[in-house]
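Report on the structure given below.
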Amino acid sequence: MGLISAHTSMSNDKLRRQITYEAARMMYVRQESEYYRAKMKAARRICQGWVKPANLPTNREIRDEIQTLARLHEGAGRTANLRDMRIEALRVMKLLATFRPRLIGSTMTGHVRQGSDIDIHVFSDSIEAVTGVLDGEGFTYDVERKQVRKYGEERVFTHVHVQDRFPLEITVYAANLAHYVFKSSITGKAIERASIAELEELLAEAYPGLAIDDALVEAENRVDRFQIYQMLLLPLETVKQDPRWHPEGDALYHSLQVFERARDALPYDEEFQTAALLHDVGKAIDPREHVAAALESLEGYITERTAWFIEHHMEAGALRDGTLGARARRRLEAHEDFEELMLLCDCDRAGRECGVQVPEVEEALDHLRDLSQGYGG
């Protein structure tokens with residue numbers, strides 16, 4: 001009987017580890033954002049049936065496994081990324097100082113991973129007052145009112161999702177809750193949070209020698225390259241193309257199709273996917289010289305490798321057609337990214353279908369932003 005119990009215990013331990021890993025993996029790759037849904041879905045996937053509650057991992061176990069995945073996949077880049085996220089958090093909190101902001105979550109605790117956002121609590125009886133500050137600073141955001149069942153009762157939480165260099169989630173609570181003690185879903189204890197002064201102390205302690213004021217100025221002046229991408233992409237919707245070569249329609253629809261193909265072809269290559277998305281942005285600027293126009297408008301906002309893809313994507317098409325001169329062909333073939341360039345050409349040509357579903361521009365940019373943050377881009 002003892003052997004059976006020990007065997008059962010070992011099986012349960014193995015089952016728990018498998019569920020922990022699968023739930024962590026789903027949250028790490030952003031398939032799920034809530035612990036409860038992740039562990040239930042993982043349990044169903046692994047056990048193909050009912051699971052005893054005792055075999056389900058705790059939120060803390062899943063969080064620790066997520067951090068293991070982050071260390072494995074993201075390496076030393078997480079440290080610099082965390083510092084920059086904390087500086088950006090301080091900058092935004094100073095803008096929202098009237099609303100007694102508090103930094104919470106992974107940016108506060110240091111448990112950041114690919115795609116982590118900056119979580120800030122603010123306290124105001126007027127959501128318009130908060131968004132008014134964001135409007136004045138030129139932020140792009142969406143307001144979400146989310147109904148959640150917590151502690152046996154239904155509550156409505158108001159979130160402001162800001163898309164900037166780092167994604168921010170600002171949760172707006174009533175002004176009289178500024179001193180309320182919020183509980184962690186992981187530990188059940190009071191959540192760790194920091195005021196502006198406490199975050200400044202944390203930065204000074206964690207990064208000795210960091211000139212905080214200089215870092216804030218640098219963060220304020222830094223242009224978000226993804227906003228530049230969006231500004232260049234949106235006008236493509238009005239660019240109609242020759243139906244003989246582009247039966248799918250406008251240049252934006254084509255670009256999003258090419259991006260989807262590129263994302264499937266090389267899922268972790270941000271530079272390749274960026275080139276796929278932006279390769280035709282010059283068509284809204286100078287249709288006759290769209291490659292040169294694209295490179296000029298993107299100068300300083302893309303890497304040399306991405307620029308090389310965009311610069312030579314037309315030549316790759318000529319090579320596929322057999323119309324490229326021998327010297328130009330040898331020059332392309334000698335380049336270390338030649339195979340990827342020809343893959344981009346194939347994506348370009350395949351991205352000309354009518355009626356296929358494509359992501360929104362914001363979704364495509366969010367994906368590239370996540371790649372950039374996760375892999376040190």
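Numbers for the structure displayed
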{"quantity": "Angle between the chain longest axis and helix 127-136 axis [Cα atoms, degrees, rounded to 10]", "calculated": "40 degrees"}
{"quantity": "Shape box of the chain [Cα atoms, principal axes, largest first, Å]", "calculated": "74, 62, 43"}
{"quantity": "Sorted by Cβ density within 10 Å, fewest first, the residues Arg244, Arg145, Arg261", "calculated": "Arg244, Arg145, Arg261"}
{"quantity": "Long-range lysine pairs (8 or more apart or interchain), the chain, Cα under 14 Å", "calculated": "5"}
{"quantity": "Alpha carbon convex hull of segment 225-374, volume per residue in cubic angstrom", "calculated": "108 Å³"}
{"quantity": "Long-range HN-HN contacts of Glu32 with modeled amide H, under 5 Å", "calculated": "Met27"}
{"quantity": "Order of Thr274, Thr171, Thr68, Thr323 - criterion: other Cβ atoms within 10 Å of each residue's Cβ, fewest first", "calculated": "Thr323, Thr68, Thr171, Thr274"}
{"quantity": "Kirkwood Rh in Å, taken over segment 77-221 so that all alpha-carbon pairs contribute", "calculated": "15.9 Å"}
{"quantity": "Residue-wise HN-Hα coupling along segment 197-204, computed from phi with Karplus coefficients 6.51, -1.76, 1.60 (Hz; x: Gly, Pro)", "calculated": "5, 5, 5, 4, 5, 4, 5, 5"}
{"quantity": "Neighbour-count order for Met93, Met40, fewest beta carbons within 10 angstrom listed first", "calculated": "Met40, Met93"}
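No value in this document is a laboratory result; all are computed from the given coordinates. Remember, predicted model here, so these are calculated numbers, not experimental data. No Cβ is skipped: glycine too gets one built from the backbone with ideal geometry, and neighbour counts run over all protein chains shown.
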